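Here's the structure we're looking at; comments come further down.
Just so it is clear, none of the values below were taken in a lab; they were calculated from the coordinates. Source: prediction; values computed, not measured. Cβ coordinates were reconstructed from backbone atoms using ideal geometry, including for glycine residues, and neighbour counts include every protein chain displayed.
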Amino acid sequence: MTPPDPPVTLDSMRVGFDIGPITHARSGVGNYCLHLLKALLEIEGLDVTGFAAQARSLDLKAIGRRLPHRRLPIPTRAMYKVWSTFGAPSVDSLLGGVDLYHATNYFLPPVRRAKRVLTIHDITFKKHPELCSPKIVGPFSSRVEGFAREADAVIADSESTRQDIINLLGIPQERVHTVLLATDASMKPVPIEIARKPYGLNDPYILFVGTIEPRKNVHGLMKAFLRIMDEFPHTLVLVGSYGWYDKDAYESVVELAMDADTVWPASAQAVAESPDSWLSLMHSRIKHLEYVDQKDLPSLYSAADAFVFPSSYEGFGLPILEAMACGCPVITADNSSLPEVAGDAAEYCDANDVDSIANAMRRVLSDPLLREQMRQRGFAQAAKFSWEKTAEKTAAIYRSVCG
């Protein structure tokens, strides 16, 4: 007979942690894993071992200290298929035995004995399937719902996401926990004369940071910008890689620019009189930076007159806090988790209303006093969040699960 496992306390807890998303080209989930892991490693007595099924190299130097880990150099999706088909190998066996495994990126691997905690960052696939790739909506939706039911505890990035998980996935509320995210210490103001140098942005600009995909509502932002561009000298700077649908999002500016219904009458007249000149102006006033080094983001935030984040749905919305921590006034949508994150420090708009987005930008860009008030409120709002708090709450969930 197999002897029972010894009781687990936080001082002796062995935790497996999915580090697969911590690559050199990290997404939001990768940054979540990195900063949570760094803070967890500071908790005395918590013995963390990383695991990754990842063909790409990991950026473990970013952790800042040695991390015991095991990496299987195979594509993540291939490992998911093996696990889904055979229910093996168990991830705790691959790690030599752990008390708990934290699945940080939606997929819950099989275990032999370990308890399992699952982080679900958002459930766009369930709440707004029209904003997701069809490749994700069907299989991903059913899988994640099953994983959430199997997990011993589920972590949500916001109370908004927690309620979505409870209501749309049918998970008992006592098993779903809100653990808010934070910005890292590098997100702080940079003097403007230094901030604008890396990317040659000498003119005033409005900033967006995020994946270029339907959920982020970049088309709505561009349409709103076209409505105010005659009134302000600003450039719209889009920072982020293309997502599943919007490969041609930047190029669609061409169609928007030639659509007289999209712009104000004066601009429409310019389109009619000189289409080529107008098109050239468009490409000079809307810039897309597909890749920006993480270390340059504080500079881009600091030098912007406003950060605009009109998403249709977010599980948290980390760029909002990043912008606030760098002293950039934030304009965001009044849906999902965004008010929860931005508090009273942001100017709000309706993501479904182009005029609402345009008017919010007008209010902020035309009022220096308002921008300064938003800067100060933003600093205070960002200071309410920390990765230390995130790690402490996460560790408390580990403790409750392991008894």
inquiry  = With +1 on the Cβ of every Lys and Arg and -1 on the Cβ of every Asp and Glu, and nothing else charged, how large is the dipole of the chain about its Cα centre, in debye rounded to the nearest 20?
reply    = 1620 debye
Reciprocal mean inverse distance between Cα atoms of segment 1-139 - Kirkwood radius, Å = 16.1 Å
request  = Working from Cα positions, state the angle (0 to 90°, nearest 10) between the long axis of helix 354-365 and the longest principal axis of the chain.
outcome  = 80 degrees
task = Rank A185, A52, S302 by how far each Cα sits towards the positive end of the charge dipole of the chain (+1 on Lys, Arg Cβ; -1 on Asp, Glu Cβ) and give me just the farthest.
result = A52
query = To two decimal places, what compactness ratio does segment 57-159 give when its Cα radius of gyration is scaled by 2.2 N^0.38 Å?
reply = 1.16
ask   = Against the longest principal axis of the chain, how steep is helix 28-40, in degrees 0 to 90 to the nearest 10, with axes from Cα atoms?
value = 50 degrees
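How large is the charge dipole for segment 329-403, taken about the Cα centre, if only the Cβ atoms of Lys, Arg (+1) and Asp, Glu (-1) carry charge, to the nearest 20 debye?
Dipole size: approximately 380 debye.
About its Cα centre, how strong a charge dipole does segment 112-170 have in debye, to the nearest 20, once Lys and Arg get +1 and Asp and Glu get -1 at the Cβ? Please report the intermediate quantities before stating the final value.
Working: 10 positive and 8 negative charges, 82 e Å.
Taking the Cα centre of segment 112-170 as origin, the dipole is about 400 debye.
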Rounded to 10°, Cα long-axis angle of helix 134-150 versus longest principal axis of the chain = 40 degrees
task = Can you tell me how much longer the chain between A55 and S84 gets when fully stretched, taken as 0.36 nm per residue apart minus their C-alpha distance, in nm with one decimal?
result = 8.6 nm
query = Between exposed GluC sites (Glu not before Pro) in the chain, where DSSP calls loop and at most 15 other Cβ atoms lie within 10 Å, what's the longest gap?
reply = 45-230
key: Dipole axis of segment 196-241 (+1 Lys, Arg; -1 Asp, Glu on Cβ), positive-most option in L226, P214, P204   = P214
key: Cα-Cα over 19 Å, subset of K295/K393; K127/K216; K188/K384; K81/K135   = K295/K393
note = Along the dipole axis of the chain (charges at Cβ: +1 for Lys and Arg, -1 for Asp and Glu; origin at the Cα centre), the most positive-end residue among I397, A382, L95 is L95
